[in-house]
Amino acid sequence: MNLVILTPDKELFHGKVTSVNVPAIDGRFEVLKGHAPIVAALGKGEVRYQPTKGEKKSLRIENGFIEVLRNEVSLLVTGVVE
């Protein structure tokens, strides 16, 4: 599936992944291939994702939104903590 992670200023990641784990407002959840369509608010925490090639990656966010539709995952985040 494809993942794009965007901030208001730039694109942080765009590529193929096997999983994405996010800190939703009501708790963490994981998105895998074939996940049902969803839009959810994200809270402060760590976003973890596994590119199809390479090692697991993560980043800390302040908040944002996730949209999943037809194996396309979009994260719109603010306040990325370096």
Next item on the list: Can you confirm whether the range 1-12 contains a residue that is surrounded by fewer than 16 Cβ atoms within 10 Å (Cβ to Cβ), touching a residue at least 60 places away in the same chain (Cβ under 8 Å) and of a type in the set (Ser, Thr, Tyr)?
Entry: yes
Notebook entry, point to check: Could you list, in sequence order, the residues of the range 33-48 that are touching a strand residue (DSSP E or B) at 6+ places or on another chain (Cβ under 7 Å) and either farther than 11 Å from Arg70 by Cα or not in a strand (DSSP E or B) (or both)?
Noted result: His35, Pro37, Val39, Ala40, Ala41, Leu42, Gly43, Lys44, Gly45, Glu46, Val47, Arg48
Next item on the list: Filter the range 4-25 for residues that are under 19 Å from Glu62 (Cα atoms), part of a strand (DSSP E or B) and of a type outside the set (Val, Ile, Thr) and give the result.
Entry: Leu6, Glu11, Leu12, Phe13, Asn21, Pro23, Ala24
Next item on the list: Quick one: which residue in Val31, Val47, Val17 is modelled with pLDDT of 95 or more, surrounded by 12 or more Cβ atoms within 10 Å (Cβ to Cβ) and out of contact with any Pro (no Cβ under 8 Å at 6 or more places or on another chain)?
Entry: Val31
Note to self: Every residue in the range 57-82 that is touching an Asp or Glu at 6+ places or on another chain (Cβ under 6 Å), more than 14 Å from His14 (Cβ to Cβ) and either at pLDDT 95 or above or not in a strand (DSSP E or B) (or both), please.
What the structure shows: Ser58, Arg60, Gly79
Notebook entry, point to check: Mind checking whether some residue in the range 28-38 is within 17 Å of Glu11 (Cα to Cα), among the aromatic types (Phe, Trp, Tyr) and within 11 Å of the chain's Cα centre (by Cα)?
Noted result: no
Next item on the list: Restrict the check to the range 33-43 and report whether at least one residue is closer than 20 Å to Val80 by Cα, without any contact (Cβ under 8 Å) to a residue 24 or more places away in the chain and touching a Ser or Thr at 6+ places or on another chain (Cβ under 8 Å).
Entry: no
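The values are calculated or read from the model by the stated rules, or taken from the named source; none is laboratory data. Source: prediction; values computed, not measured. So basically every Cβ, Gly included, is an ideal-geometry build from the backbone, and we count neighbours across all protein chains shown.
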